[in-house]
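Below: one structure, written as structure tokens.
The values are calculated or read from the model by the stated rules, or taken from the named source; none is laboratory data. Just so you know, these numbers come straight off a predicted model, no measurement behind them. In this analysis, Cβ positions are derived from the backbone assuming ideal geometry, glycine residues included, and neighbour counts consider all displayed protein chains. Areas reflect the complete protein model, heavy atoms only, side chains present, ligands, DNA and RNA absent. Shrake-Rupley method; radii C 1.70, N 1.55, O 1.52, S 1.80 Å.
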Amino acid sequence: MRDAEEFDALYAACAGRVVGHVYALTGNRAEAEDAVAEAFMRAWQRWRTVREADSPEAWVRRVASRIAVSSWRKAFNRVRAHRRAAVDQGVPALNEDHVALLQALQRLSANERRAVVLHHLNDLSVAEVAAEMQAPVGTVKTYLARGRRAMAGLLTDAHQEETSHG
């Protein structure tokens with residue numbers, strides 16, 4: 001019974017944050033929710049190992065991110081084939097700032113995006129990001145600096161376009 005209570009407490013404490021993290025990585029809330037559900041299912045199947053991890057939440061976040069990226073890779077070729085014919089459509093329930101932020105995040109490299117999301121959206125320290133990414137702190141600092149610089153340019157460009165057309 002203790003296992004179920006511990007697992008339920010982990011889920012209640014962090015499921016929303018993990019969905020937010022994966023959503024920021026993928027830009028698709030439904031895919032994020034599916035990936036997180038799958039990650040929690042895997043966590044329950046391996047609960048004795050997961051609960052002993054330094055951070056069970058980081059374990060779930062890492063697995064959910066991998067699931068989402070794997071799913072994204074499979075879907076990428078299908079989406080690319082349809083993209084030429086598709087008309088740009090707005091994303092319902094998102095304001096222009098959210099759309100601009102998600103578009104800017106998508107333009108970063110996978111490592112830059114992951115570091116920016118973990119640090120700035122999940123409020124992890126640089127050391128925690130480095131541990132989760134299994135990368136040296138200096139490398140994470142480089143990802144963050146490059147990611148922030150690129151996003152600043154992208155978001156500034158988007159804002160200037162908006163004000164010149166508005």
Check the range 25-42 and report whether any residue there is of a type in the set (S, T, N, Q), touching a helix residue (DSSP H, G or I) at 6+ places or on another chain (Cβ under 6 Å) and under 18 Å from Ala115 (Cβ atoms).
yes
In the range 146-156, which residue that is among the small types (Gly, Ala, Ser) and over 17 Å from Asn122 (Cα atoms) is surrounded by the most Cβ atoms within 10 Å (Cβ to Cβ)?
Ala150
How many residues does the range 98-132 hold that are basic (Lys, Arg) and under 17 Å from Ala58 (Cα atoms)?
2
For the range 2-33, name all the residues that are charged (D, E, K, R) and surrounded by fewer than 18 Cβ atoms within 10 Å (Cβ to Cβ).
Arg2, Asp3, Glu5, Glu6, Asp8, Arg17, Arg29, Glu33
For Arg107, state whether it is open to solvent by 50 Å² or more (accessible area, probe 1.4 Å), among the basic types (Lys, Arg) and at pLDDT below 75.
no
Mind listing whichever residues of the range 14-59 are touching a Pro at 6+ places or on another chain (Cβ under 9 Å) and of a type in the set (Val, Ile, Thr)?
Val50
By residue number, the members of the range 111-159 that are within 18 Å of Tyr23 (Cβ to Cβ), in a helix (DSSP H, G or I) and either in contact (Cβ under 8 Å) with a residue 60 or more places away in the chain or not aliphatic (A, V, I, L, M) (or both) are Glu112, Arg113, Arg114, Val117, Leu118, His119, His120, Leu121, Glu132, Gly147
